[in-house]
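The values are calculated or read from the model by the stated rules, or taken from the named source; none is laboratory data. These numbers come from a predicted model, not from an experiment. Here the Cβ positions follow ideal geometry from the backbone for every residue, glycine too, while neighbour counts run over all protein chains shown. When the accessible area is computed, the model is the full protein with side chains, heavy atoms only, and any ligands, DNA or RNA have been set aside. Shrake-Rupley method; radii C 1.70, N 1.55, O 1.52, S 1.80 Å.
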Amino acid sequence: MSASKISARACNVFYGDTHAIKGVNVDIGSKSVTAFIGPSGCGKSTFLRCLNRMNDTIDTCRVEGTITLDGENIYDPRVDPVTLRARVGMVFQKPNPFPKSIFDNVAYGPKIHGMAKSKSDLRDIVENALRRAAIWDEVKDRLDAPGTGLSGGQQQRLCIARAIATQPEVLLMDEPCSALDPIATFQIEELIDDLAKNISVVIVTHSM
């Protein structure tokens, strides 16, 4: 097992008075795929959202315990959640492209984080992300078309391209294939395998 990228110790999550997750301890390796498998409603997605502080957006949610990324406590008040989410990207269960062009979907994160010094820089980042998400050949001639016009499997790969465009160190995936057909699922699974050569992938699934 490679060195831990993320470590959680005594992690508890509460929604108001409801104790949703109790005392989770887990280490997530660097450049590997870690899968959380279990029945619906057991807290997999809730825990996944702890790893990039997405639960911060839910008023009633409270997280206790320690979660570190490269040894740094991600819940330290000095940690900016927006910067954290550039390092720890996320792909959701249902493909959710922005109502923008294919190009602008992928360019959104790099623009916000000031990653491109010029338009040609931005084009290179977008192309690279679409290539890594194995969708470049399908969309390269229609980058101005809306991302919402793609098929379900293509939309999910576009969302993966959008997530990896900020060059995250970790990619969280919440049941990324549950809404897809078997062929699209196979493409995403191959892609996950490929991405894990460079980044830590954490996936929630109930499918073995």
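For the structure I just gave you, tell me whether T68 is in contact with a strand residue (DSSP E or B) (Cβ under 8 Å, 6 or more places away or on another chain), more than 23 Å from C159 (Cβ to Cβ) and either in a helix (DSSP H, G or I) or modelled with pLDDT of 95 or more (or both). Show your work before the answer.
Working: in contact with a strand residue (DSSP E or B) (Cβ under 8 Å, 6 or more places away or on another chain): yes; more than 23 Å from C159 (Cβ to Cβ): yes; either in a helix (DSSP H, G or I) or modelled with pLDDT of 95 or more (or both): yes.
For T68, the condition - in contact with a strand residue (DSSP E or B) (Cβ under 8 Å, 6 or more places away or on another chain), more than 23 Å from C159 (Cβ to Cβ) and either in a helix (DSSP H, G or I) or modelled with pLDDT of 95 or more (or both) - is met.
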Only one of N55, N25 that is of a type outside the set (K, R) and more than 19 Å from the chain's Cα centre (by Cα): N25
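Any chance you could count how many residues in region 20-59 are open to solvent by 60 Å² or more (accessible area, probe 1.4 Å), over 27 Å from N198 (Cα atoms) and modelled with pLDDT under 95? Reasoning before the result, please.
Pass one, region 20-59, residues open to solvent by 60 Å² or more (accessible area, probe 1.4 Å): 22, 25, 27, 31, 33, 37, 39-42, 56-57, 59.
Applying the additional criterion that residues be over 27 Å from N198 (Cα atoms) yields 22, 39-42, 56-57, 59.
Imposing the further condition that a residue be modelled with pLDDT under 95 reduces the set to 39-42, 56-57, 59.
Count: 7.
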Please indicate, with yes or no, whether at least one residue in region 138-146 is free of Cβ contacts under 8 Å to residues at least 60 places away in the same chain, in a helix (DSSP H, G or I) and open to solvent by 40 Å² or more (accessible area, probe 1.4 Å). yes
Condition test on T46, is it in a strand (DSSP E or B) and within 19 Å of the chain's Cα centre (by Cα)? no
How many residues, within region 50-92, are touching a residue at least 40 places away in the same chain (Cβ under 8 Å) and touching a helix residue (DSSP H, G or I) at 6+ places or on another chain (Cβ under 8 Å)? 11
Among (1) open to solvent by 20 Å² or more (accessible area, probe 1.4 Å); (2) farther than 23 Å from I192 by Cα; (3) at pLDDT 95 or above, the one test that C11 misses: (1)
Which members of region 80-118 meet the condition of being open to solvent by less than 70 Å² (accessible area, probe 1.4 Å), β-branched (V, I, T) and within 20 Å of L172 (Cβ to Cβ)? V88, V91, V106
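Please determine whether any residue of region 172-193 is among the β-branched types (V, I, T), at pLDDT 95 or above and either surrounded by 16 or more Cβ atoms within 10 Å (Cβ to Cβ) or at positive phi (or both).
To start, the set of residues in region 172-193 that are among the β-branched types (V, I, T) comprises 183, 185, 188, 192.
Okay, now just the ones that are also at pLDDT 95 or above, so none.
The answer is no; no qualifying residue exists.
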